[in-house]
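The values are calculated or read from the model by the stated rules, or taken from the named source; none is laboratory data. Bear in mind the structure is a predicted one, so any value in this text is a computation, not a measurement. A quick note on method: Cβ atoms are made from the backbone with ideal geometry, for glycine too, and the neighbour counts reach across all protein chains shown. Remember, those area values only see protein heavy atoms, side chains included, never the ligands or the DNA or RNA. Shrake-Rupley method; radii C 1.70, N 1.55, O 1.52, S 1.80 Å.
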Amino acid sequence: MTTAMTPASALPALASEFPPATETQWRAAVDAVLKGKPFDKTLVNRTADGIAIQPLYPRKAGASALAGRAPGEPWTVSQRTDHPDAKAANEQALEDLSGGASGLVVVTRGAIGDRRGDATVIDGLADLDALLAGVMLDLIPLRIDAGTSAGHVAAMLAAKVERDGLDPKSLSIAFGIDPIGAFARRGTLESWDGAAAKASDAVLALRSRGFGGTQLVADGRVIHDAGGSEAQELAYVLGTAVQYWRMLEAAGLPLADAARSMSVVLTADADQFLSTAKMRAIRKLWARLETACGLTAGHLDLHAETAWRMVTKVDPAVNWLRTTTAVFAAGVGGADHVVVEPWTAAIGLPDGFARRVARNTQLILIEESNLHRVADPAAGSGGMETLTDELCQRAWALFQEWEKAGGIVAALSSGTVQAAVAKVRAERAAAIAKRREPLTGASEFPNVHEAVPEVLHPPKRETQRGATPIDLPAAAKGERFEAQVKAFASGAIRSALSRMKSDTIFVDPLAPSRLAEPFEALRADLDAITARTGTRPKVFLASIGPVAAFTARATFARNLFEAGGFDAPIPEAFSDLAAIRQAFTASGAAIACLCSSDDLYAAEAADVASALKAAGARQLWLAGRPGDLEDSLKAAGIDGFVYAGGDVLAFL
């Protein structure tokens, strides 16, 4: 059956019913609402890199989608294998793969991804066999996150592939060799020449064996974990890549092959727009880097991992929302592989349920929301395109600055990178302390009565020591690596191939930290008191007047005190001064905070304060700015005032 199409001229001209809107008209309407408040300070935000986030952007004309994953293809749903015992890690990995994961990341003790210090211990080929038993390496992408052990684990993998008769070309393995990342995280390095020789030796050997995938990684997590900005993370990745390209070219590998030997790891956090823009920016920056080096721009193998610094120990269920936002950002930003930190990771080793939530977070976004179906959905969006371009400009300028300092290794050795990261970290910490950058569940809307979720408590396994040393040839064109492969195939363990540290460079490490740690420390102190006494320390909220008068400030005060671990419930309205005094005595609190409107403070706050002091209050606070009442309120017994914009951490 066929039907005639309605002529375009007969369609309702809906657009004609609305007058055309201009930016000038919009701005006039906004200014009327602002009533004299400055537009730039009220509606324009700035990122840690100083990028202005405007409230309105025009569409970017002529924009095209950035090349990323193959059109319509989902990203790899990768899961961490990080249980300290290799057999237990294998059980988790097989459960993950049967439950929908499509890739694995092996995280070993001391790696960048091992923030708690309890990841998998792989001493020899037997451990690796136990870890990967039943895993079909020719069907899944595998990434190794092994820090200073990456070369040894790579040699074990090469021995396993050869023994098991697998075709190296059929495998997708990101070996994760990254001496620069290990240097940045640990703060020590034998020497760049020595580290570069060993890394080049391993890369040449792996490539001569025909392995698919990548051998080296530029890992931006080390910057993000330490508190750095988006542009700093991107600039660090570019600087690391160039240092490795120079290293491999000096070792005799053509520059085009050096570029193809690398993958990149970036962090995605709860700032959806910035994380998506960062994923898009690295594609553009990488193409620019290759073009600047005379290469044809090719595909970048991009791994994304949800941020460690954003997860919280307190109210950890909020981490579900944070990681979902981060996965969304990474997925639509074009990441090839995504890893989710389980929601209980900050508390301890995640159990099966937490791991299931981690993989299902991705599976729902892929299989139910179909996020992967559209290539670069941010293309053409004025805000996203502007943010992407601004990140590119700032990252490229910072990359050039570090190049002028001698390259990323020199910039790390001089402390230049660490100082830049520390500055951003300090600025963010100040914003968090004043709750200008709120942390839901930690600094805002805390839940002091939450139940702590279960985590695993396996015995810590130590690395084997004391093996008879095996002499290895000097690093050159792969001879050292091949000797390691042979040794591991014969049953050697890592300690037999390791030597005493001979580091010559010592700098401040880029250590990982989480944003909520200062608030969690306060909570931990009061949690310990609660566990010891059976009663949580309380703050009595002395609400004055009707509900409408005190609710806003009582809610503010409750969030404030419970962020420090106190119990500060909002009461019903009190009938008179005697009722307030009686309720305070019954509460068992030693601290009280007055909550009401400015008008009622002027009329009643002094009397309420005097009554509470007489009832035994050791500290009295008032929610709000005192204005002209400050002297009289202090004379009545008020110790201080709490209000938005104050340093919450210092106060608590």
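Using the Karplus relation 6.51 cos²θ - 1.76 cosθ + 1.60 with θ = phi - 60°, the per-residue 3J(HN,Hα) values for the range 409-422 come to 5, 5, 5, 6, 5, 8, x, 4, 5, 4, 5, 5, 5, 4 Hz, with x marking Gly and Pro.
Given Cβ point charges of +1 (Lys, Arg) and -1 (Asp, Glu) and nothing else, what value in debye, to the nearest 20, does the dipole of the range 473-516 about its Cα centre take? The partial results should precede the final answer.
Numbers: 7 positive and 4 negative charges, 25 e Å.
In total the dipole reaches around 120 debye.
Pulled fully out, how much extra length does the chain show between ASP40 and ALA644, if you take 0.36 nm times their separation in residues and subtract their Cα-Cα distance? Don't skip to the end; give the middle numbers.
Numbers: separation 604, 0.36 × 604 = 217.44 nm, distance 2.02 nm.
Roughly 215.4 nm would be gained on extension.
Accessible area per residue (1.4 Å probe, heavy atoms of protein chains only) ranks ARG461, ARG514 as ARG461, ARG514, with the largest value leading. Put simply, when 287-299, 152-164, 530-542 are sorted by average Cβ atoms within 10 angstrom per residue, most first, you get 152-164, 530-542, 287-299. If the segment from ILE364 to ALA531 were pulled out straight at 0.36 nm per residue, it would be longer than the present Cα-Cα gap by 56.2 nm. Of the beta bridges in the chain, as assigned by DSSP with both residues counted there, near 10 percent are antiparallel. Run the accessible area of the chain with a 1.4 Å probe and give the carbon-and-sulfur part as a rounded percent. Carbon and sulfur together cover 55 percent of it. I'd like the orientation of helix 479-489 relative to the chain: the angle between its Cα long axis and the longest Cα principal axis, in ° from 0 to 90, rounded to 10. The angle comes out at about 80 degrees.
For the chain, the solvent-accessible area of protein heavy atoms averages 43 Å² per residue (probe radius 1.4 Å; ligands and nucleic acids excluded). With both residues required to sit in the range 44-195, DSSP beta bridges show an antiparallel share near 15%.
Ordering PHE273, PHE39 from largest to smallest accessible area (1.4 angstrom probe), what's the sequence?
Numbers: PHE273 125, PHE39 25 Å².
Ranking PHE273, PHE39 by accessible area, largest first, yields PHE273, PHE39.
What number, rounded to the nearest 500 deg cm²/dmol, is the helix-based mean residue ellipticity at 222 nm of the chain, given -39500 (n - 2.57) per DSSP H run of at least four residues and division by all its residues? Provide the component values of the computation, followed by the final result.
Details: 24 runs with 283 residues, N = 652.
Value at 222 nm, helices only: -13500 deg cm²/dmol.
Tell me whether the range 376-503 comes out rounded, prolate or oblate; compute the Cα gyration tensor, take square roots of the eigenvalues as a ≥ b ≥ c, and use a/c under 1.5 as the rounded threshold. Display every interim value, and only then the final one.
Details: a/c = 2.35, a/b = 1.43, b/c = 1.64.
In terms of gyration-tensor shape, oblate.
Each Lys and Arg Cβ is given +1 and each Asp and Glu Cβ -1; about its Cα centre, the chain then shows a dipole of about 620 debye. Sorted on the mean count of surrounding Cβ atoms within 10 Å across their residues, most packed first, peptides 612-620, 23-31 read 612-620, 23-31.
Please work out whether the range 416-475 counts as rounded, prolate or oblate from its C-alpha gyration tensor, where a ≥ b ≥ c are the square roots of the eigenvalues and a/c under 1.5 means rounded, while otherwise a/b larger than b/c means prolate and anything else oblate?
Because a/c hits 1.5 or more and a/b fails to exceed b/c, the range 416-475 counts as oblate.
Computed from phi, the 3J(HN,Hα) profile of the range 26-36 under the Karplus parametrisation 6.51, -1.76, 1.60 (θ = phi - 60°) reads 4, 5, 5, 5, 5, 4, 5, 6, 5, 6, x Hz, with x in place of Gly and Pro.
Which peptide among 141-147, 492-498 comes first, and what is the full order, when sorted by highest mean count of other Cβ atoms within 10 Å? It would help to have the intermediate numbers written out before the result.
Working: 141-147: 25.9, 492-498: 19.9.
Per-residue Cβ counts within 10 Å, averaged per peptide and sorted highest first, yield 141-147, 492-498.
Looking at the square roots a ≥ b ≥ c of the eigenvalues of the Cα gyration tensor of the range 190-238, which shape do they give, rounded for a/c under 1.5, prolate if a/b is larger than b/c, or oblate? Since a/c reaches 1.5 but b/c is at least a/b, the shape of the range 190-238 is classed as oblate. Accessible area of THR463 (1.4 Å probe, protein heavy atoms only, ligands and nucleic acids ignored): about 40 Å². Length gained on full extension, CYS293 to SER498, computed as 0.36 nm times the residue gap minus the Cα-Cα distance: 70.2 nm. Accessible area of TYR643 (1.4 Å probe, protein heavy atoms only, ligands and nucleic acids ignored): about 80 Å².
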